[in-house]
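J.: Take this structure, written in structure tokens, and hold onto it; I'll ask about it next.
Only the coordinates and a few stated rules stand behind these numbers; no lab work does. All values reported here derive from a predicted model rather than from experimental measurement. Note that each Cβ is placed from the backbone with ideal geometry, even for glycine, and that neighbours are counted across all protein chains shown.
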Amino acid sequence: MPDRIATTRWTGELVTGSGTVTLVSSGAGRFTFSLPTRAGEPDGQTSPEELIAAAHSACYSMQLSALLTAAGTPPERIDTTATVSQNQRGEAYLITEIRLVVRAAVPGVDAEAFRRAATKAKETCPVSVALSATEITLDAELEQVPT
């Protein structure tokens, strides 16, 4: 698989400065961020934590889709939310938890098989593996598919 590239330019000191993240590989966009919007209301700006949440929810959804498809029950829909929590420990701020919430419509799968696949996806998605020093919780529910 090809490498993916993002760049950041930060201008100024931490409290009053600001930065821009550019998604170079895809050309999908440029996103601004700053300490006040990272620590408070986003006000139209992103943060490193939001970018991690985006990467994790996307990676997890793809991994779960692959596992369900390999088991012969391809999903109709997977909706994943990743919430990244940051808390202060001593003088440092740390990402302390990532909560994954997944709701999926998967024809032909029972609840137990879905839970097993959902848990395995959490354990094997490349972003989960990269973030394994952080507690990652999972709330997975199978939605009924109309027959």
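J.: Using alpha carbons only, how many degrees (0 to 90, rounded to 10) separate the axis of helix 48-70 from the longest principal axis of the chain?
T.: 20 degrees
J.: Please list, in order along segment 87-100, the HN-Hα scalar couplings obtained from phi with the Karplus expression 6.51 cos²θ - 1.76 cosθ + 1.60 (θ = phi - 60°), rounded to whole Hz, x for Gly and Pro.
T.: Per-residue couplings from phi come out as 9, 8, 10, x, 8, 9, 9, 10, 6, 9, 7, 10, 9, 9 Hz.
J.: Can I ask one more? Considering the dipole of segment 23-79 built from charges on the beta carbon (Lys and Arg +1, Asp and Glu -1) around the Cα centre, which of THR37, SER26, THR73 is farthest to its positive end?
T.: Ranked along the dipole, the leading option is SER26.
J.: So what is the calculated 222 nm ellipticity per residue for the chain, using -39500 (n - 2.57) for each DSSP H run with n of 4 or more, over all residues, to the nearest 500 deg cm²/dmol?
T.: -10000 deg cm²/dmol
J.: To test your reading of the geometry: what angle, between 0 and 90 degrees and rounded to tens, separates the Cα axis of helix 111-124 from the longest principal axis of the chain?
T.: 40 degrees
J.: Considering only DSSP beta bridges with both partners in the chain, what is the antiparallel share in %, to the nearest 5?
T.: Around 75 percent antiparallel, to the nearest 5.
J.: While we're looking at this one, here's another question. Report Rg(Cα)/(2.2 N^0.38 Å) for the chain, keeping two decimals.
T.: Output field value: 1.21.
J.: 7 Å from Cα along Cα→Cβ at both THR81 and VAL101: what's the point-to-point distance in nm?
T.: 0.3 nm
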